[in-house]
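**Q** Just dropping this structure here.
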Amino acid sequence: MEGPPPQPNRRARLFELVGLSALVVAQPVFSTFQGNATDLVFRRTGAADIVAFGLLFALVPPLMLWLFGWGVEELTDARVGRWVHAGTVGGLAGLFAIATLKDATELPMAVVYGVGAAALVAAVALRLRSEQFASVLRVSAVAAPLFLAIFWFMSPVTDVAFADGTAEAPVLDMTNPTDVVMIVFDELPTLSLLGPDDQIDAGLWPGFASLAEQSTWYRNATSISPTTPTAVPAIFTGQWPTDTEVLPTVANHPQNIFTLLGASHDLTVHESVSRLCPTALCGEAERNSSFSALVNDGVDVWWGFLSPERTVEGQPEDFRIPQSDPSADNKINRWLDNIPTQPDGHQLQVIHSVLPHQPWWRYADGRRYGGDPMAATVVPEGLTGDLEWPDTMAPVFAQQRHLVQLQWTDRLLAQMMAELAQRGQWDDALVIVTADHGVSFKPGDPIRGLGEDNTDGVMFVPLFVKLPGQAEGTIDQRPAQTIDVVPTVVDHLGAES
């Protein structure tokens with residue numbers, strides 16, 4: 001006569017689910033965000049959110065599955081509970097097989113899902129009949145804390161969550177202390193500002209033309225990188241990048257314009273993509289994304305690993321690093337509002353605005369058109385998978401949209417200049433206006449990488465330097481680079497350590 005089934009070891013079952021879920025849910029999500037940690041910098045994701053995000057994806061899914069199995073068993077009996085747990089183990093094993101084959105092979109998806117189904121059946125059978133298999137599953141629970149430790153402390157995410165943002169500024173001796181204003185635009189080639197005479201077209205760009213009339217325009221200035229996470233730190237540090245994979249944080253770039261002048265100047269700073277200004281000097285940065293949005297993207301990432309569609313270079317189709325900031329103009333206004341109207345000492349006022357960067361979705365007066373800009377694809381319409389313009393029509397349309405959005409950017413520049421002048425913080429300040437990199441609309445060439453005929457669009461960027469008291473514009477034809485900005489500031493301030 002068959003006796004009653006043994007009482008389930010519910011704690012052991014939880015360990016089994018924790019281990020399998022770590023392989024199926026946590027690891028794919030963590031690895032994707034580790035490889036795209038710049039997105040976390042852009043979001044201004046803090047340590048608390050990253051810790052909560054890690055715990056959520058490592059522990060909540062297995063806990064929910066475990067509670068479901070427990071509830072079913074309480075409502076029925078131990079035999080049903082045992083089958084439900086075995087089915088859950090099999091389902092996770094099948095999903096793991098699907099995700100692994102999809103990422104590592106080019107097998108047809110029908111075959112991938114067939115293997116996943118076979119893995120499900122095999123895992124159910126083994127869990128029901130083999131205590132050794134169950135023991136192995138329990139041991140796999142160590143994967144969860146291991147993946148969490150890697151995600152938090154041994155990956156690029158570490159610099160975002162736990163990097164020291166309290167670096168102190170050195171005390172400098174200055175022979176010519178003055179206010180400093182730095183305005184950095186994004187994806188703006190000098191070529192877009194030029195008229196038929198190769199001068200700034202005052203009819204289209206009155207803001208930039210006005211700036212040129214009262215500053216030194218370095219006509220042959222070039223950027224040092226086509227990507228913002230590398231180009232902007234180079235501007236703020238004056239140093240060549242040694243590793244393009246390094247995150248744009250103060251931990252990786254401790255010597256920068258903010259730590260240089262933080263002891264002598266009051267800082268008003270807005271960084272759109274980087275986080276080079278220590279919290280001790282600039283305070284906590286404004287959030288660009290909520291925790292719920294981060295979780296939603298994590299869910300999208302996980303689904304991308306399991307969906308029938310193939311990934312591109314290992315990145316799920318649903319994961320999108322934002323290409324622009326819908327509130328960039330509002331952040332310019334908030335930056336202006338945060339500048340003291342009656343400062344006690346010298347000021348360092350810095351803003352990096354994600355304008356006129358794609359997606360191009362603004363009219364010249366600032367009105368929006370099209371859909372949600374943050375939902376736009378990473379690749380602009382018409383580009384190939386290699387980020388090249390394949391024909392003559394797509395880049396023409398794209399360039400027109402770029403120029404229209406640049407008109408709105410020009411109006412915002414004029415607004416910043418007028419506001420600072422009205423406050424008496426323009427004429428006597430050292431003002432530098434530049435851009436991180438350019439953009440190309442040449443058919444057959446990359447949009448930002450160097451091609452056969454796009455150097456003028458990709459490399460050459462505006463660089464204007466208005467000295468204190470300067471009222472007449474000049475053009476300097478000497479070669480210059482964006483890494484010359486910080487040395488220029490140091491030179492004009494007469495700063496020495």
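**Q** Could you figure out which of (1) in contact with a strand residue (DSSP E or B) (Cβ under 8 Å, 6 or more places away or on another chain); (2) surrounded by 15 or more Cβ atoms within 10 Å (Cβ to Cβ); (3) modelled with pLDDT under 85 isn't true of Lys331?
**A** Result: Lys331 fails condition (3) only.
**Q** Which condition number does Gly116 fail, the rest of (1) open to solvent by 70 Å² or more (accessible area, probe 1.4 Å); (2) in a helix (DSSP H, G or I) being met?
**A** With respect to (1) open to solvent by 70 Å² or more (accessible area, probe 1.4 Å); (2) in a helix (DSSP H, G or I), Gly116 is out only on (1).
**Q** Filter the range 53-110 for residues that are among the β-branched types (Val, Ile, Thr) and assigned to a helix (DSSP H, G or I) and give the result.
**A** Residues satisfying the conditions are Val60, Val72, Val80, Val84, Thr88, Val89, Ile98, Thr100.
**Q** Follow-up. Across the range 177-220, what is the number of residues that are among the hydroxyl-bearing types (Ser, Thr, Tyr), in a loop (DSSP other than H, G, I, E, B) and either crowded, with 20+ Cβ neighbours inside 10 Å or modelled with pLDDT of 95 or more (or both)?
**A** Residues meeting the conditions: 1.
**Q** Output the residues belonging to the range 396-448 that are crowded, with 18+ Cβ neighbours inside 10 Å and of a type in the set (S, T, N, Q).
**A** If the condition is that a residue be crowded, with 18+ Cβ neighbours inside 10 Å and of a type in the set (S, T, N, Q), then Gln399, Gln405, Gln407, Thr409, Gln425, Thr434, Ser440 are the ones that fit.
**Q** Right, here's the next one. Anything in the range 270-286 that is surrounded by fewer than 22 Cβ atoms within 10 Å (Cβ to Cβ), among the aliphatic types (A, V, I, L, M) and under 18 Å from the mean Cα position of the chain (by Cα)? List them, or say none.
**A** Ala285
**Q** Kindly indicate which of Val269, Val295, Val273, Val301 is under 18 Å from Phe42 (Cβ atoms) and in a strand (DSSP E or B). Can you show your working first?
**A** Details: Val295 fails: in a strand (DSSP E or B); Val273 fails: in a strand (DSSP E or B); Val301 fails: in a strand (DSSP E or B).
After ruling out the rest, the residue left standing is Val269.
**Q** Shifting gears a bit: Within the range 147-163, track down each residue that is free of Cβ contacts under 8 Å to residues at least 12 places away in the same chain and either open to solvent by 40 Å² or more (accessible area, probe 1.4 Å) or over 17 Å from Val41 (Cα atoms) (or both).
**A** Ala149, Phe153, Met154
**Q** Restricting the range 431-449 to residues that are under 22 Å from the mean Cα position of the chain (by Cα) and of a type in the set (Val, Ile, Thr), which is nearest to Gln214 (Cα to Cα)? Before you say what the answer is, go through the steps one by one.
**A** Within the range 431-449, the first condition is being under 22 Å from the mean Cα position of the chain (by Cα), and the residues that meet it are 434-440, 446-449.
Pick out the ones that are also of a type in the set (Val, Ile, Thr) and you get 434, 439, 447.
On the way: Thr434: 15, Val439: 26, Ile447: 32 Å.
Step by step, filter the range 431-449, then rank; the result is Thr434.
**Q** Something else now. Across the range 449-472, what is the number of residues that are among the basic types (Lys, Arg) and open to solvent by 60 Å² or more (accessible area, probe 1.4 Å)?
**A** Count: 0.
**Q** Quick one: Glu73 ticks every box in (1) under 17 Å from Gly298 (Cβ atoms); (2) open to solvent by less than 20 Å² (accessible area, probe 1.4 Å); (3) charged (D, E, K, R) bar one, so which box is it?
**A** (1)
**Q** Spot the failing condition for Ile475; the list is (1) touching a residue at least 60 places away in the same chain (Cβ under 8 Å); (2) under 15 Å from Asn176 (Cβ atoms); (3) open to solvent by 70 Å² or more (accessible area, probe 1.4 Å), and only one is missed.
**A** Exception for Ile475: condition (2).
The values are calculated or read from the model by the stated rules, or taken from the named source; none is laboratory data. Fair warning: this is a prediction, and the values are worked out from it, not measured in the lab. Note that we place each Cβ from the backbone using ideal geometry, even for glycine, and neighbour counts take in every protein chain shown. Side chains are part of the model used for accessible areas, which takes the heavy atoms of the whole protein and leaves out ligands, DNA and RNA. Shrake-Rupley method; radii C 1.70, N 1.55, O 1.52, S 1.80 Å.
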